[in-house]
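Take a look at the structure set out below.
The values are calculated or read from the model by the stated rules, or taken from the named source; none is laboratory data. Bear in mind that the values here come from a model prediction, so they are computed numbers and not experimental data. Because the Cβ atoms are built from the backbone with ideal geometry, glycine has one as well, and the counts that use them run over all protein chains shown.
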Amino acid sequence: MELLDKLHWRYAAKAMNGQAVSQDKIDNIIEAARLAPTSSGLQPFEIMVITNQELKEKIRPVAWDQSVVTECSHLLVFAAWDHYTKDRINYMFDLTNEIRGFKNEGWENYRQQLLNTYPQQDPEENFKHASKQAYIALGMAMVAAAYEKVDCTPMEGFSADKVDEILELREKGLRSAVLLPIGYRAPEDDWLVDLVKVRKPTEDLITELK
């Protein structure tokens, strides 16, 4: 399968060469993330796409000084909602009704169920839930990058508070969840590039219940 071949090819590049990724490839990667499934279809996150080198330079020191932050073509910051508010929930339900062109009683009842649940919960609990949804989009973006033969490096090694401050995310009701530098590997500077990919054997990972 072509996709599996490309997933075998991909790895978390530890060095990138600064080469620009074409806009059409970036658009496809971002569109894959946008199409990701999320709980209740709320898409409780935003994606910051950073090409500004000065911003990358500011983020690198608070991301464990990882070189891919500044060597990448595009730095994606997946920023989750800091809370599920009534306005945010209503926006997505209203958007669904607008696009589909009709209202459904069951769907409206479900809206009320969410409105009666999420906004009353602890914001930190809601942020953690929103972050999990952002990770689904992250996975879709990574698969799309592999399909486009573009490298990417998922990163949790950074100070979220500092990134939030640099990008003024808290003022937007957002908190950074995970980073994804996108670019092209620099094999001569990357100790990981020639190492064999290691994953658990299928029988150690998968349990079939028949």
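Here are a few things to note about the model shown:
- When residues of region 79-111 are limited to those that are touching a strand residue (DSSP E or B) at 6+ places or on another chain (Cβ under 7 Å) and either outside any helix (DSSP H, G or I) or hydrophobic (A, V, I, L, M, F, W, C) (or both), the one surrounded by the fewest Cβ atoms within 10 Å (Cβ to Cβ): Asp82
- Every residue from region 118-159 that is in contact (Cβ under 8 Å) with a residue 12 or more places away in the chain, among the acidic types (Asp, Glu) and surrounded by fewer than 21 Cβ atoms within 10 Å (Cβ to Cβ): Glu148, Glu156
- Residues that are among the aliphatic types (A, V, I, L, M) and at pLDDT 95 or above within region 178-205 comprise Val178, Leu179, Leu180, Ile182, Ala186, Leu205, listed in sequence order.
- One residue alone among Leu180, Leu169, Leu192, Leu205 is of a type outside the set (Asp, Glu), more than 18 Å from Ala20 (Cα to Cα) and touching a Phe, Trp or Tyr at 6+ places or on another chain (Cβ under 8 Å), and that residue is Leu192.
- Taken together, the residues in region 178-210 that are outside any loop (DSSP other than H, G, I, E, B) and among the basic types (Lys, Arg) amount to 1.
- Residues that are closer than 17 Å to Glu57 by Cβ and either in contact with a strand residue (DSSP E or B) (Cβ under 6 Å, 6 or more places away or on another chain) or of a type in the set (Phe, Trp, Tyr) (or both), drawn from region 154-166: Met155, Phe158, Val163
- Tabulated pairs, region 1-13, first at negative phi, second among the polar types (S, T, N, Q) and modelled with pLDDT of 95 or more, C-beta under 7 angstrom, 6+ apart or interchain: Ala12/Thr153; Ala13/Thr153
- Per the conditions (1) farther than 23 Å from Arg10 by Cα; (2) touching a Leu at 6+ places or on another chain (Cβ under 7 Å), the sole criterion not satisfied by Tyr147 is (1).
- The one condition from (1) over 29 Å from Tyr11 (Cβ atoms); (2) touching a residue at least 60 places away in the same chain (Cβ under 8 Å) that Gln112 does not meet is (2).
- Number of the exception - Arg175 against (1) at pLDDT below 95; (2) in a strand (DSSP E or B): (1)
- Single unsatisfied condition, Gly183 versus (1) out of contact with any Cys (no Cβ under 8 Å at 6 or more places or on another chain); (2) farther than 30 Å from Gly41 by Cβ; (3) assigned by TED's automatic domain parsing to the domain that holds Val77: (1)
- Of all residues in region 90-109 being of a type in the set (S, T, N, Q) and without any contact (Cβ under 8 Å) to a residue 24 or more places away in the chain, the one that is nearest to Ala79 (Cα to Cα): Asn97
- Being surrounded by fewer than 17 Cβ atoms within 10 Å (Cβ to Cβ) and closer than 30 Å to Tyr184 by Cα is a property that holds for Glu54.
- Each residue in region 51-89 was checked for being β-branched (Val, Ile, Thr), touching a residue at least 60 places away in the same chain (Cβ under 8 Å) and within 14 Å of Pro181 (Cα to Cα), and 4 pass.
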